[in-house]
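Derivation of every value follows stated rules applied to the coordinates shown; laboratory data play no part. Small disclaimer: the values here were computed from a predicted structure and weren't measured.
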Amino acid sequence: MTNYDYEELKLSKWQFGLTLLFILLLIVSLTLTYNQILKFQKQKPIYSNKEADNILKIYRIIGLLIALGYLIIDVIDKGVKEENNIDTKTANLQIDAGILTVIATIIVLYVAFTSDSSDDLENPDV
């Protein structure tokens, strides 16, 4: 195994972990959305408004951390490619996409902390 392969393996393991965490967040998102459906149907919701609001904020913070994690992985990957004289054009594009994702998650997080309640769940994912 070359040094490049070793570094890529390490980064892939980090991506795997972040992806698992993202899947867990999707499940949380599903429960929040289902909670909203129950409210609209005038049924007993899973979470109170305060609980849903707190879960939403934590969910969005973790989402930002995941986006930052992917961006960091992309930056490290670019450095590994540069060290091994591999074309970094696609790495640069991934970094650009990561920056846009982080910006989007910051906006979504801002909305979560400035809205009055968890009733604003129309667009829960980034």
message = Being among the polar types (S, T, N, Q), part of a helix (DSSP H, G or I) and more than 24 Å from VAL28 (Cα to Cα): is that true of ASN54 here?
response = no
key: In the stretch 55-82, the residues that are charged (D, E, K, R) and closer than 16 Å to LEU9 by Cα   = ASP74, ASP77, LYS78, LYS81
